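Structure first, then comments.
The values are calculated or read from the model by the stated rules, or taken from the named source; none is laboratory data. This is a predicted model, so every value here is computed, not measured. Cβ placement follows ideal geometry from the backbone for every residue including glycine, while neighbour counts extend to all protein chains displayed.
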Amino acid sequence: MFSTLMLLMVLLLLLLYLGSRKPKGYPPGPKWWPILGCAIEMARLRQETGYLFKTCSALCKKYGPVVGLKIGTDRIVVLNDYESIRSMLTNEDCDGRPIGPVYETRTFGSRRGLIVVDENLWIEQRRFVLKHLRDFGFGRKSMAMIIEEEAVWLVEHFKKLIGMVIPMDDAFGVTVLNTLWRMMAGKRFNLDDKELTYFQRILTKLLREIDMIGAPFGHFPILRFIAPEMSGYKSFLEIHQQLWKFLKEELDDHSDSFKSGSPRDLMDVYLTVLKSENYSSTFSESQLLAICVDLFMAGSETTSKALGFCFLYLVLFPSVQKKAHEEIDRVIGRNRPPTLEDRARMTYMNAIVLESLRMFMGRTLNVPHRALKDTTILGHKIPKDTMLIVNFNRILMDESWGDPEDFRPERFIDESGNIIAPNVYFPFSIGRHRCMGENLARSNIFIIATALLQAFTFSPVPGQKKPSSQDFVDGVTAGPKPFRVMVSLRT
């Protein structure tokens, strides 16, 4: 009995020792402690800097552009410069997506959907979704018409708010979601839809409580069972269960009205596959629901936050807003709404879109990659299943931009009046996992911003402190801290 206990003790000590040793050739970073890894140092830096992207940038200054971490059970490598980022994003050995409780819990206990899956599942499902979304307008003229229609609805909504003080950081979620959901499910939501607004609010809350590196219950899986509330697991699961229920009802309604041979949208095409006799094992009702979860989150979260940054800076930099007004009046006038065809003649508005994306992604980390096998990045050894994170802050907000904190669209316009961008500017990533919604996102930001600026002037609230460009909401993606503006009709 005693010898057995001693053997177990030795094995435990050996495991603790091995868990605190860094693999040979692993990138430099903070000291690892048994069980915790460098979680304490990361928490300290997070408290000190306030934001995850600043924590990663602080680590870069101390350890170099490629930083090796371990938090609980997860090995994480953060990439902070153009060379290391490009090397990783174009390396097929790094094309995986993370595994673990966070990525399984969000889609019914197994990795499903489009955003955090890889290999054959990702290849088949991404190809199918892109092909059939195009059938219903994605990337085509009919997509432009959908965006333009939604922008008109938004302008009409804002006309009811003239002279009022309104929150602008979350003013775009429903409009942006509609542009995708109409192709996905053939349906649009009213801008004041209470149920949808509620779900977007709780989703926003959820996505503030986790980040691109994960969550406490992901790094330390046992916390799901011994501290579900403290670790965030309970709220994460409950919010996803509510979202699944909401989307399942949408799917059931769709299935009830389904007519074979007459697909109305992507959901119908997917149901057609499921009702056939022979189809790939990657297809299932759970996978369709997971795709809905991914598109719902993507439509609600990223583009709307980029628009939030756009209007924050338009309020803080009135000279930029004035130049935008002048270009809109010169090219479009006031008698018709903007269209995507106007984009080719509107250099300054295009530059505003690029600068808004820089400000948004410059405070954001990418969707994590995973090493599918042992590999190397700029000479550093990366073990299989290591999580790989891109810190866009170090390439989109560093001093090479001259005045990175200023909102200056002119940086994207050359002497001949043409749009230019440096090679470090790739806010939608590069490589095989480049964002499939890039064209939709750029089009949304251009049309929505142009339509609102054509009709309105946005200004700080009189008698109140101006919103800050240095205070953010941290989380999966960074967003501007809630701010309010005064809306007035242009005369």
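Descriptive notes on the structure:
- Any hit, segment 209-217, residues being more than 25 Å from the chain's Cα centre (by Cα) and within 20 Å of residue 109 (Cβ to Cβ): no
- The condition (being crowded, with 20+ Cβ neighbours inside 10 Å, at pLDDT 95 or above and small (Gly, Ala, Ser)) is satisfied by just one residue among 441, 451: 451.
- Inter-residue pairs, beta-carbon under 6 Å, first over 21 Å from residue 358 (Cα atoms) and in segment 457-479, second among the polar types (S, T, N, Q), 6+ apart: 457/488
- Some residue of segment 463-476 being surrounded by 15 or more Cβ atoms within 10 Å (Cβ to Cβ), among the small types (Gly, Ala, Ser) and assigned to a loop (DSSP other than H, G, I, E, B): yes
- Selection of segment 44-58 for residues being out of contact with any helix residue (DSSP H, G or I) (no Cβ under 8 Å at 6 or more places or on another chain) and either under 9 Å from residue 474 (Cβ atoms) or touching a residue at least 60 places away in the same chain (Cβ under 8 Å) (or both) yields 50, 51.
- Cβ-Cβ under 9 Å pairs, at least 6 apart or on other chains, segment 292-306 side closer than 16 Å to residue 481 by Cα and of a type in the set (Asp, Glu), far side modelled with pLDDT of 85 or more and not in a helix (DSSP H, G or I): 301/476; 301/477; 301/479
- Residue ranges of helices (runs of 4 or more DSSP H) in segment 250-369 with at least 3 members of a type in the set (S, T, N, Q) and within 23 Å of residue 178 (Cα to Cα): 285-316
- Only residues that are surrounded by fewer than 19 Cβ atoms within 10 Å (Cβ to Cβ) and among the basic types (Lys, Arg) were counted in segment 207-224, giving 1.
- Residue in segment 339-354 that is within 19 Å of the chain's Cα centre (by Cα), at negative phi and surrounded by fewer than 23 Cβ atoms within 10 Å (Cβ to Cβ) present: yes
- Filter result for the condition that a residue is hydroxyl-bearing (Ser, Thr, Tyr) and either part of a helix (DSSP H, G or I) or within 19 Å of the chain's Cα centre (by Cα) (or both), over 87, 110: 87
- All of 225, 236, 220 fail the test of being of a type outside the set (Gly, Ala, Ser) and closer than 21 Å to residue 305 by Cβ, apart from 236.
- When residues in segment 215-249 are screened for being closer than 22 Å to residue 474 by Cα, part of a helix (DSSP H, G or I) and touching a Ser or Thr at 6+ places or on another chain (Cβ under 9 Å), 8 of them pass.
- Against the numbered list (1) modelled with pLDDT of 95 or more; (2) closer than 30 Å to residue 145 by Cβ, residue 477 comes up short only at (1).
- Segment 69-84, subset assigned to a strand (DSSP E or B) and more than 20 Å from the chain's Cα centre (by Cα), residue nearest to residue 57 (Cα to Cα): 69
- Matching residues, segment 174-206, being crowded, with 17+ Cβ neighbours inside 10 Å, of a type in the set (A, V, I, L, M), out of contact with any His (no Cβ under 9 Å at 6 or more places or on another chain) and over 17 Å from residue 440 (Cα atoms): 196, 203
- Screening 168, 164 for residues that are within 23 Å of the chain's Cα centre (by Cα) and under 24 Å from residue 337 (Cβ atoms) leaves exactly one candidate, 168.
- Failed item in (1) surrounded by 22 or more Cβ atoms within 10 Å (Cβ to Cβ); (2) without any contact (Cβ under 8 Å) to a residue 60 or more places away in the chain, with residue 420 passing the rest: (1)
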